[in-house]
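Asks: Next up is a structure, given as structure tokens.
The values are calculated or read from the model by the stated rules, or taken from the named source; none is laboratory data. Quick caveat: nothing in here was measured; it's all calculated off a predicted structure. A quick note on method: Cβ atoms are made from the backbone with ideal geometry, for glycine too, and the neighbour counts reach across all protein chains shown.
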Amino acid sequence: MSDVDVEPGLPTPSDDIPPPQAPAQAPPPPPPPWWQVRLPNALTGLLLLLMSWFVIAQGRFHGRTYDEYMQDDYGARVLKFYLSWGEDRSFLDFPDYIYMPQHGSGAEVIVAFFQHLTGEVWQTRTMVCGAMGVLGILVMWLAGREMAGPWGGFAAALGLALYPRYTGQMPNNSKDIPLAGAMLLVLWLVLRLMRRWSQPDRKHEVLELAAIGAAIGFAASIRVTSLLWFGLLGLLALGYWVRNWRRLRGPALRAELSNQFSAAIVIAPTAYLVMSLLWPYLLTNPGDGLKASISSMSKYDWNHDIMFAGSWVRSTDLPWDFAPRWLIVGSPLPVVLLTLAAAVALVVALVRRQTLDGRLLLIGAYIVVPILMVIVAQATLYNGLRHFLFVVPGMLLLAATVLVRWVRQSFDSGRAVLAWALIGAAVLGQAEVVVSSARIYPYEYSYFSPLVGSYDRGHLNYENLYYGSCTRAAAVWMAENYQQYTDEANPTFRDENQWNTLAKADLPDNFVDIGDGQPLFRITSGEPGAGYREIHAEVLLGEKICRVSVLDPTVY
């Protein structure tokens, strides 16, 4: 009973108070339309499948370069170092003038590990190198998605897959293609960290920082150039203080200093640890190994004449515009135009002090800083843009980001005509890339922009074919047709375009390679020479790029 008398039939005091209600919850947002998320993700999955098929089915047609013999030997020797628990140090026994131990071994030892598992050398190498290239496209999707959502991810991944000087090297380059993917991995992780930096309860912070350090270490174990990431991170920290120093006081200031100091003490040691584990030259030379590598790579001793902009120039004394010009003439036109447009937009926004995404500035620095370093250091460069190919994913990411954002803004503001015009221009530009690549397949690495007359005129004024990659096709032809020209059980040959070992991999076991004297068959890039008759030539758009010749019977 209540101790309050209530007249029957009258409401009690509690009847006037409604029962407590649960707080109203906002209805969940409707799922995005299928064309905003599911379609670009499905297209990206299809693209990755197509690129995987490309490596498996077409990789062998892209030939081998004479760099591969040395790189493959280097990787095998480094693997022996690990398998012998450091006893076998034959990876140090290369001639001094090629500085092979000073080259990072991170990608080569991965290739050697899979060769160890399969027991086969060259096909395994082609597949593993190609797989690294496909992984680079996957990372590009992650970076594009980070910057511009699912369509940004697809646009960025497609841009890299259709970049001929990337795709054309995937099966036969265990240095520059893995480096581009590793540097892009660092870029994605840093962009992700920038977005999450100010979140109040960021989980797994140490793991994120350690992942960045490990990615830098892996990239540096491929080429020591990757250590420039510490300069980029320094610029990122400087930019943060320039932008935020006015509002940071007291506890907030101390917290930010602690966060940045913690980041430094996690990233730097992790990077050096991973770099050392994948690059035993640092383990065997802990005192000055890193310094010697930086010194030898910055002024590499390769002193030869190369064709550039219609003139012969010395690789050790290049004009200042070598790198930026190569990025223009060796890249598809839409990539160049969108990158320049984005750069102009960023500069205008900075001058007008407009609010902008700081991550775009980092991508811009990722493109500009390495090029400035090449110019200032007067680095030794050759083979087109392959030594700074890692800059290209930054250009593609910036181009894809601004394209998708501008298209989205145009649709949102009711300017559908402008949006479709941007999409149409990008599609037409990439159609030119596909057609030009198909014309020179499987030598896509020799792609030139329409600005310099595509391959037809570009190869007359710039370096084109990369290190005898046409030799494999010549060797395959010789293996299928040699019996028309000799009855010898063990015909001799010499590959004068690269290494005998590389050609022998595609010849029957009865062929004998010789280094001196007069072989029965020769593979050359130029004229066959006195006493020999040309019997076959690999032809690219009417130009003979590799020749097979046989010793003339009257001389033989």
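Asks: Out of the residues in the stretch 361-406 that are free of Cβ contacts under 8 Å to residues at least 60 places away in the same chain and of a type in the set (A, V, I, L, M), which is surrounded by the fewest Cβ atoms within 10 Å (Cβ to Cβ)? So that I can check it myself, show each step before the final result.
Replies: Of the residues in the stretch 361-406, the ones free of Cβ contacts under 8 Å to residues at least 60 places away in the same chain are 364, 367-368, 371-372, 374-376, 406.
Retained after the next criterion (residues that are of a type in the set (A, V, I, L, M)): 367-368, 371-372, 374-376.
Numbers: Ile367: 20, Val368: 14, Ile371: 17, Leu372: 12, Val374: 22, Ile375: 16, Val376: 9.
That would be Val376.
Asks: Oh, and also: Tell me which residues, restricted to the stretch 304-333, are more than 26 Å from Tyr366 (Cβ to Cβ), without any contact (Cβ under 8 Å) to a residue 40 or more places away in the chain and not aliphatic (A, V, I, L, M).
Replies: Asp305, Ser311, Trp312, Arg314
Asks: Among the numbered conditions (1) over 28 Å from Ala268 (Cβ atoms); (2) surrounded by 23 or more Cβ atoms within 10 Å (Cβ to Cβ); (3) over 15 Å from the mean Cα position of the chain (by Cα), tell me where Met147 comes up short.
Replies: Unmet for Met147, out of (1) over 28 Å from Ala268 (Cβ atoms); (2) surrounded by 23 or more Cβ atoms within 10 Å (Cβ to Cβ); (3) over 15 Å from the mean Cα position of the chain (by Cα): (1).
Asks: Right, next: Go through (1) within 15 Å of the chain's Cα centre (by Cα); (2) at pLDDT 95 or above for Gly168 and report which single condition fails.
Replies: Against the list (1) within 15 Å of the chain's Cα centre (by Cα); (2) at pLDDT 95 or above, Gly168 comes up short only on (2).
Asks: While we're looking at this one, here's another question. Go through the stretch 454-502 and report how many residues are among the charged types (D, E, K, R) and more than 19 Å from Tyr66 (Cβ to Cβ).
Replies: Pass one, the stretch 454-502, residues among the charged types (D, E, K, R): 456-457, 463, 472, 480, 487-488, 494-496.
Subsequent filtering for residues that are more than 19 Å from Tyr66 (Cβ to Cβ) retains 456-457, 480, 487-488.
Here the count works out to 5.
Asks: Being touching a His at 6+ places or on another chain (Cβ under 8 Å) and either over 14 Å from Ala379 (Cα atoms) or of a type in the set (Ser, Thr, Tyr) (or both) is the filter here, so list the residues in the stretch 304-323 that pass it. So that I can check it myself, show each step before the final result.
Replies: Going residue by residue through the stretch 304-323, those that are touching a His at 6+ places or on another chain (Cβ under 8 Å) are 314-315.
Ser315 - this is the single residue of the stretch 304-323 that is touching a His at 6+ places or on another chain (Cβ under 8 Å) and either over 14 Å from Ala379 (Cα atoms) or of a type in the set (Ser, Thr, Tyr) (or both).
Asks: Are there any pairs, at least 6 apart or on different chains, whose C-beta atoms fall under 7 Å, with the first in the stretch 464-490 and outside the structural domain of Gln58 (by TED's automatic domain parsing) and farther than 28 Å from Gly59 by Cβ and the second outside any loop (DSSP other than H, G, I, E, B) and at pLDDT 90 or above, and if so, which?
Replies: Pairs found: Tyr485/Ile535; Tyr485/Val550; Asn490/Val512.
Asks: Continuing with the same structure: So, in the stretch 121-160, exactly how many residues are of a type outside the set (S, T, N, Q) and farther than 24 Å from Trp34 by Cα?
Replies: Going through the stretch 121-160, the residues of a type outside the set (S, T, N, Q) turn out to be 121-122, 125, 127-160.
Filter once more, keeping what is farther than 24 Å from Trp34 by Cα: 121-122, 125, 127-136, 160.
Qualifying residue count for the region: 14.
Asks: Something else: Does Ser174 satisfy being more than 30 Å from Gly384 (Cα to Cα) and not in a helix (DSSP H, G or I)?
Replies: The answer is no for Ser174.
Asks: A further question on this structure: For the structure I just gave you, tell me whether Leu39 is surrounded by 14 or more Cβ atoms within 10 Å (Cβ to Cβ), at negative phi and not aromatic (Phe, Trp, Tyr).
Replies: Working: surrounded by 14 or more Cβ atoms within 10 Å (Cβ to Cβ): yes; at negative phi: yes; not aromatic (Phe, Trp, Tyr): yes.
For Leu39, the condition - surrounded by 14 or more Cβ atoms within 10 Å (Cβ to Cβ), at negative phi and not aromatic (Phe, Trp, Tyr) - is met.
Asks: Looking at the stretch 153-167, can you tell me whether even one residue there is without any contact (Cβ under 8 Å) to a residue 24 or more places away in the chain and polar (S, T, N, Q)?
Replies: At the first step, the residues of the stretch 153-167 found to be without any contact (Cβ under 8 Å) to a residue 24 or more places away in the chain are none.
No: the stretch 153-167 contains no residue that is without any contact (Cβ under 8 Å) to a residue 24 or more places away in the chain and polar (S, T, N, Q).
Asks: Got a number for residues in the stretch 209-239 being over 30 Å from Gly106 (Cα atoms) and either without any contact (Cβ under 8 Å) to a residue 60 or more places away in the chain or not assigned by TED's automatic domain parsing to the domain that holds Leu273 (or both)?
Replies: Pass one, the stretch 209-239, residues over 30 Å from Gly106 (Cα atoms): 238-239.
Then drop every residue that is not either without any contact (Cβ under 8 Å) to a residue 60 or more places away in the chain or not assigned by TED's automatic domain parsing to the domain that holds Leu273 (or both), which leaves 238.
The number of residues fulfilling the criteria is 1.
Asks: What is the residue count in the stretch 527-541 for residues that are at pLDDT 90 or above and either in a loop (DSSP other than H, G, I, E, B) or not aromatic (Phe, Trp, Tyr) (or both)?
Replies: Taking the stretch 527-541 first, the residues at pLDDT 90 or above are 531-541.
Adding the requirement that they be either in a loop (DSSP other than H, G, I, E, B) or not aromatic (Phe, Trp, Tyr) (or both) leaves 531, 533-541.
Of the residues in the stretch 527-541, 10 are at pLDDT 90 or above and either in a loop (DSSP other than H, G, I, E, B) or not aromatic (Phe, Trp, Tyr) (or both).
Asks: Follow-up. Of these, Ile375, Ile363, which one is modelled with pLDDT of 95 or more, within 22 Å of the chain's Cα centre (by Cα), closer than 30 Å to Ser226 by Cβ and of a type in the set (A, V, I, L, M, F, W, C)?
Replies: Details: Ile375 fails: modelled with pLDDT of 95 or more.
One residue alone meets the criteria, Ile363.
Asks: While we're on this one: Residue by residue through the stretch 442-496, note down the ones that are more than 24 Å from the chain's Cα centre (by Cα), polar (S, T, N, Q) and surrounded by fewer than 21 Cβ atoms within 10 Å (Cβ to Cβ).
Replies: Asn461, Asn481, Gln483, Gln484, Thr486, Asn490, Thr492
Asks: Of these, Asp516, Asp509, Asp487, which one is more than 14 Å from Val550 (Cβ to Cβ) and at pLDDT 90 or above?
Replies: Working: Asp516 fails: at pLDDT 90 or above; Asp487 fails: more than 14 Å from Val550 (Cβ to Cβ).
Result: Asp509 is the single residue among Asp516, Asp509, Asp487 that is more than 14 Å from Val550 (Cβ to Cβ) and at pLDDT 90 or above.
Asks: Just need a number here: residues in the stretch 542-556 that are within 16 Å of Tyr482 (Cβ to Cβ) and either assigned to a strand (DSSP E or B) or touching a residue at least 24 places away in the same chain (Cβ under 8 Å) (or both).
Replies: If we filter the stretch 542-556 for residues that are within 16 Å of Tyr482 (Cβ to Cβ), which is where we start, we get 546-553, 556.
Then drop every residue that is not either assigned to a strand (DSSP E or B) or touching a residue at least 24 places away in the same chain (Cβ under 8 Å) (or both), which leaves 546-551, 556.
The total comes to 7.
Asks: Taking the stretch 306-324 only, how many residues are touching a strand residue (DSSP E or B) at 6+ places or on another chain (Cβ under 8 Å) and over 15 Å from Leu460 (Cα atoms)?
Replies: 5
Asks: How many of the residues in the stretch 455-469 are of a type in the set (S, T, N, Q) and modelled with pLDDT under 90? Full working, then the answer.
Replies: Narrowing the stretch 455-469 to residues of a type in the set (S, T, N, Q): 461, 464, 469.
Then drop every residue that is not modelled with pLDDT under 90, which leaves 464, 469.
Going through the stretch 455-469 one residue at a time, the tally reaches 2.
Asks: Restricting to the stretch 429-455, count the residues that are at positive phi and touching a helix residue (DSSP H, G or I) at 6+ places or on another chain (Cβ under 8 Å). If you could, list the steps in order and put the result at the bottom.
Replies: To start, the set of residues in the stretch 429-455 that are at positive phi comprises 453-454.
Filter once more, keeping what is touching a helix residue (DSSP H, G or I) at 6+ places or on another chain (Cβ under 8 Å): 454.
Adding up the residues that qualify gives 1.
Asks: Can you tell me which residue among Leu92, Leu46, Leu79, Leu117 is under 30 Å from Leu277 (Cα atoms), modelled with pLDDT of 95 or more and surrounded by fewer than 16 Cβ atoms within 10 Å (Cβ to Cβ)? Write out each step before concluding.
Replies: On the way: Leu92 fails: modelled with pLDDT of 95 or more; Leu46 fails: under 30 Å from Leu277 (Cα atoms); Leu79 fails: surrounded by fewer than 16 Cβ atoms within 10 Å (Cβ to Cβ).
Being under 30 Å from Leu277 (Cα atoms), modelled with pLDDT of 95 or more and surrounded by fewer than 16 Cβ atoms within 10 Å (Cβ to Cβ) holds for just one of Leu92, Leu46, Leu79, Leu117, which is Leu117.
Asks: On to the next question. Determine whether the stretch 49-68 contains at least one residue that is of a type in the set (Lys, Arg), assigned to a helix (DSSP H, G or I) and over 19 Å from Tyr441 (Cα atoms).
Replies: Here is the first cut: in the stretch 49-68, the ones of a type in the set (Lys, Arg) are 60, 64.
Next, only the ones that are assigned to a helix (DSSP H, G or I) stay: 60.
Retained after the next criterion (residues that are over 19 Å from Tyr441 (Cα atoms)): none.
No, there is no match, as no residue in the stretch 49-68 is of a type in the set (Lys, Arg), assigned to a helix (DSSP H, G or I) and over 19 Å from Tyr441 (Cα atoms).
Asks: Taking the criterion of being closer than 26 Å to Tyr447 by Cα and surrounded by 18 or more Cβ atoms within 10 Å (Cβ to Cβ), would at least one residue in the stretch 96-107 satisfy it? Talk me through it step by step, then tell me what you get.
Replies: Residues of the stretch 96-107 closer than 26 Å to Tyr447 by Cα: 107.
Okay, now just the ones that are also surrounded by 18 or more Cβ atoms within 10 Å (Cβ to Cβ), so 107.
Yes, the stretch 96-107 contains a residue that is closer than 26 Å to Tyr447 by Cα and surrounded by 18 or more Cβ atoms within 10 Å (Cβ to Cβ).
Asks: Can you give me the number of residues within the stretch 237-283 that are within 20 Å of Leu187 (Cα to Cα) and not in a helix (DSSP H, G or I)?
Replies: Selection size over the stretch 237-283: 0.
Asks: Related question: Could you figure out which of (1) assigned to a helix (DSSP H, G or I); (2) modelled with pLDDT of 95 or more isn't true of Met194?
Replies: Here Met194 meets the rest and fails (2).
Asks: Does any residue of the stretch 61-70 turn out to be over 17 Å from Thr501 (Cβ atoms) and surrounded by fewer than 21 Cβ atoms within 10 Å (Cβ to Cβ)?
Replies: Going residue by residue through the stretch 61-70, those that are over 17 Å from Thr501 (Cβ atoms) are 61-62.
Checking which are surrounded by fewer than 21 Cβ atoms within 10 Å (Cβ to Cβ) leaves us with 61.
Looking for residues that are over 17 Å from Thr501 (Cβ atoms) and surrounded by fewer than 21 Cβ atoms within 10 Å (Cβ to Cβ), one finds at least one in the stretch 61-70, hence yes.
Asks: Let me ask you something else. List the number of the failed condition for Arg325; all other conditions in (1) out of contact with any helix residue (DSSP H, G or I) (no Cβ under 6 Å at 6 or more places or on another chain); (2) more than 21 Å from Tyr445 (Cα to Cα); (3) in a helix (DSSP H, G or I); (4) not acidic (Asp, Glu) hold.
Replies: Among (1) out of contact with any helix residue (DSSP H, G or I) (no Cβ under 6 Å at 6 or more places or on another chain); (2) more than 21 Å from Tyr445 (Cα to Cα); (3) in a helix (DSSP H, G or I); (4) not acidic (Asp, Glu), Arg325 violates only (2).
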